[in-house]
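Scroll down for the structure; my scribbles are underneath it.
The values are calculated or read from the model by the stated rules, or taken from the named source; none is laboratory data. As the structure is a computational prediction, the values presented were derived from the model and not from experiment. Don't worry about glycine lacking a Cβ; one is built from the backbone with ideal geometry, like all the others, and counts go over all protein chains shown. Protein only, heavy atoms only, side chains kept; ligands, DNA and RNA dropped before computing areas. Shrake-Rupley method; radii C 1.70, N 1.55, O 1.52, S 1.80 Å.
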Amino acid sequence: MKKTVLLIDDEKDFGLLLKGFFARKQYDVCVSYTIEEGMKALEELKPDFIFLDNNLPDGLGWGKIDFIVQNYPKSQLNLISAYHVPKTTTQRFRILEKPISINDLDRLFK
């Protein structure tokens, strides 16, 4: 069974980058551009990997961390942002700072 990636980010170029990267690894990728779209897709897909941006048109994506961690514990949550990226040592999610390169992704998803 193919692994599934959900990207919730309003940056279309970043979405294309991730979609191409994971397609080469034979993953299915769904891109949502708002929190509302992303939460609907999350429920439908129950993805293996989630990439959640913080600054979205309809609010702060990181406000959904607790909900996602509690309701989708098997999904690897990856928080992404170019602004105000906090440092953490938690094992429950990863924080990735934009810009993210293909090399960065490759190291994480070998």
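Hey, does region 2-14 have a residue that's assigned to a helix (DSSP H, G or I) and surrounded by fewer than 18 Cβ atoms within 10 Å (Cβ to Cβ)? Checking region 2-14: at least one residue is assigned to a helix (DSSP H, G or I) and surrounded by fewer than 18 Cβ atoms within 10 Å (Cβ to Cβ).
Within the set 79, 52, 18, the sole residue that is within 10 Å of the chain's Cα centre (by Cα) and part of a helix (DSSP H, G or I) turns out to be 18. Out of the residues in region 21-33 meeting the condition of being in contact with a strand residue (DSSP E or B) (Cβ under 8 Å, 6 or more places away or on another chain) and assigned to a helix (DSSP H, G or I), tell me which one is least open to solvent (accessible area, probe 1.4 Å). The selected residue is 22. Please work out if residue 36 is modelled with pLDDT of 95 or more, of a type in the set (Asp, Glu), part of a helix (DSSP H, G or I) and in contact with an Asp or Glu (Cβ under 9 Å, 6 or more places away or on another chain). Yes: the conditions hold for residue 36.
In region 40-60, which residues are open to solvent by less than 40 Å² (accessible area, probe 1.4 Å) and touching a helix residue (DSSP H, G or I) at 6+ places or on another chain (Cβ under 6 Å)?
Applying the first criterion (open to solvent by less than 40 Å² (accessible area, probe 1.4 Å)) to region 40-60 yields 41-42, 47, 49-54, 56, 59.
52, 53, 54, 56, 59 - these are the residues of region 40-60 that are open to solvent by less than 40 Å² (accessible area, probe 1.4 Å) and touching a helix residue (DSSP H, G or I) at 6+ places or on another chain (Cβ under 6 Å).
Those residues that are within 24 Å of residue 58 (Cα to Cα) and either among the aliphatic types (A, V, I, L, M) or at pLDDT 95 or above (or both), I need them from region 11-33; list them, please. So that I can check it myself, show each step before the final result.
Step one: of region 11-33, the residues within 24 Å of residue 58 (Cα to Cα) are 11-19, 29-33.
If the condition is that a residue be within 24 Å of residue 58 (Cα to Cα) and either among the aliphatic types (A, V, I, L, M) or at pLDDT 95 or above (or both), then 16, 17, 18, 29, 30, 31, 32, 33 are the ones that fit.
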